[in-house]
Number of protein chains: 2
Amino acid sequence: MARKTGSHSDITGPRVREAALRLFAEHGFAAVSMRQIAKEVGVQAGALYLYTPDKQTLLFDLLADHMRAVLAGLAEVDMSGGPVAQLEAFSRFHIRFHLARPDAVFISYMELRNLSEENFAKLGEMRREYEDALEGILVAGQHSGEFDVDDTKLTTLALISMLNGVLTWYKPDGRLTLERVEAIYSDMVGKAVRLTPV
Amino acid sequence: MARKTGSHSDITGPRVREAALRLFAEHGFAAVSMRQIAKEVGVQAGALYLYTPDKQTLLFDLLADHMRAVLAGLAEVDMSGGPVAQLEAFSRFHIRFHLARPDAVFISYMELRNLSEENFAKLGEMRREYEDALEGILVAGQHSGEFDVDDTKLTTLALISMLNGVLTWYKPDGRLTLERVEAIYSDMVGKAVRLTPV
DNA sequence: GTCTATAAACCGATAGAC
DNA sequence: GTCTATCGGTTTATAGAC
């Protein structure tokens, strides 16, 4: 099990990704240099190219990993109830999951334009899979007569925008607990699609 | 009224700002060079410094002008009705105004971190003034018993996030007219804060 | 696996000619 | 008002020593 001095492939790789994620979120992809990332990790710039073929692929891998985690997390959410319960479960999951990974969410919405057309398309597919899950709930609720949604696709995007907005202000040590934020947002989401009382 | 050849201060200035706005929105502030902006305008890089002391001030001026325009536009909206009518007027104004200036809105939310602390604070004040206008409507509706809002500050931010979301997908030649988008969004906003039927 | 050194290009901003 | 030229510094990525 002896290991050569200076050989840290198994730990340097993750550390490169963590540093890149943090720095990209803080300063933006274009504003962060490979030298800054290397300095954060504690290696020289040249060593980074052992873990990524280039800077843009490093970004793409971070975004793709995040989307995979989002979809995997959603798959574990209990969706056994009806549309109303499902919509609340989705809203609460979205808030909770995204607040736990603010950096990844931030760059997922900010740095898409720094991807190649091909990589952009790949991420678009994954994002659409997530949106389709929400739209499916809205459609089900519409058919069951529990929801009044004018345009399910548009409403899906509007609700996700609203839920994402939590990232722009939430601070873990703020005046509101995570549970309360989840409750308020899922309540607003529920109301926004509910049948109007006549 | 004769003008010296090569003297175009009155038209080059606006052209610099237009080019910068477009390029910042497309590629991001950090990714755009002064040389790119100059090329777009049709002058040499050095000439840009006749119109801005530096790159960051150019960004700030674009953002500040935009926020001034937003506040001026809001001031002209008819707010003579009650809270319900005011909320619809605000929502429709927001959608309409922002969809007409997608580039300015985009960089207003993306490039704040590239401002100095001082310039960031100035913009924050203006943005807060806009948010306060919406929160005032929510508070009024809460007092009149027409709205059921859990936390007016949080709800304000959530509604603005939802309204801003329209920018991520709206295309002027898409399947929905501007009027219809306005109607759908203002309807969702209205429902999200409305009293829950018992 | 990491280092140093380097290539080739680009950056923001300024000085001075016209 | 705009140009050319330039300063001093940065960038991504690679080559080769260890």
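Test A:Q56 against the stated conditions and say whether it is surrounded by 15 or more Cβ atoms within 10 Å (Cβ to Cβ), modelled with pLDDT of 95 or more and of a type in the set (S, T, N, Q). The answer is yes for A:Q56.
Let's see how each residue does on (1) part of a helix (DSSP H, G or I); (2) modelled with pLDDT under 95; (3) surrounded by 16 or more Cβ atoms within 10 Å (Cβ to Cβ):
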| position | (1), (2), (3) |
| --- | --- |
| A:Y130 | yes, no, yes |
| A:Y170 | no, no, yes |
| A:R175 | no, yes, no |
| A:E179 | yes, no, no |
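Looking at segment B:1-107, what helices (runs of 4 or more DSSP H) fall wholly within it and have at least 1 residues that are within 13 Å of DNA strand C (Cβ to nearest atom)? It comes to B:9-27, B:34-41, B:55-75.
Checking segment B:141-154 against the condition returns a match, with at least one residue being among the aliphatic types (A, V, I, L, M) and crowded, with 21+ Cβ neighbours inside 10 Å.
Taken residue by residue, segment A:93-100 has at least one member that is under 26 Å from A:L63 (Cβ atoms), exposed (fewer than 15 other Cβ atoms within 10 Å of the Cβ) and not charged (D, E, K, R). Can you list residue pairs whose Cβ atoms sit under 9 Å apart, with the first residue in segment A:144-161 being in contact (Cβ under 8 Å) with a residue 60 or more places away in the chain and outside any helix (DSSP H, G or I) and the second being among the basic types (K, R) and surrounded by 16 or more Cβ atoms within 10 Å (Cβ to Cβ)? Count only pairs 6 or more apart in sequence or on different chains. Qualifying pairs under 9 Å: A:E146/A:R194; A:F147/A:R194. Among the listed residues B:S91, B:S80, identify the single one that is within 14 Å of the chain's Cα centre (by Cα) and among the polar types (S, T, N, Q). None of the others qualify; the one that does is B:S91.
So which of B:G46, B:G81, B:G124, B:G136 is at negative phi, in the same structural domain as B:P14 (by TED's automatic domain parsing) and out of contact with any strand residue (DSSP E or B) (no Cβ under 8 Å at 6 or more places or on another chain)? I'd like the intermediate steps shown before the answer.
Values: B:G81 fails: in the same structural domain as B:P14 (by TED's automatic domain parsing); B:G124 fails: in the same structural domain as B:P14 (by TED's automatic domain parsing); B:G136 fails: in the same structural domain as B:P14 (by TED's automatic domain parsing).
Going through B:G46, B:G81, B:G124, B:G136 in turn, just one is at negative phi, in the same structural domain as B:P14 (by TED's automatic domain parsing) and out of contact with any strand residue (DSSP E or B) (no Cβ under 8 Å at 6 or more places or on another chain): B:G46.
For segment A:151-198, the candidate set comprises residues that are among the basic types (K, R) and within 9 Å of chain B (Cβ to nearest Cβ); within that set, the residue that is farthest from B:D148 (Cα to Cα) is A:K153. Restricting segment B:9-53 to residues that are within 13 Å of DNA strand D (Cβ to nearest atom) and within 14 Å of chain A (Cβ to nearest Cβ), the residue that is nearest to B:Y109 (Cα to Cα) is B:A30. Taking (1) more than 9 Å from every other protein chain (Cβ to nearest Cβ); (2) on the phi < 0 side of the Ramachandran plot; (3) not basic (K, R) in turn, A:D148 satisfies each apart from (1).
The values are calculated or read from the model by the stated rules, or taken from the named source; none is laboratory data. Remember, predicted model here, so these are calculated numbers, not experimental data. For neighbour counting, all protein chains shown are included, and Cβ atoms are generated from backbone atoms with ideal geometry for every residue, glycine included.
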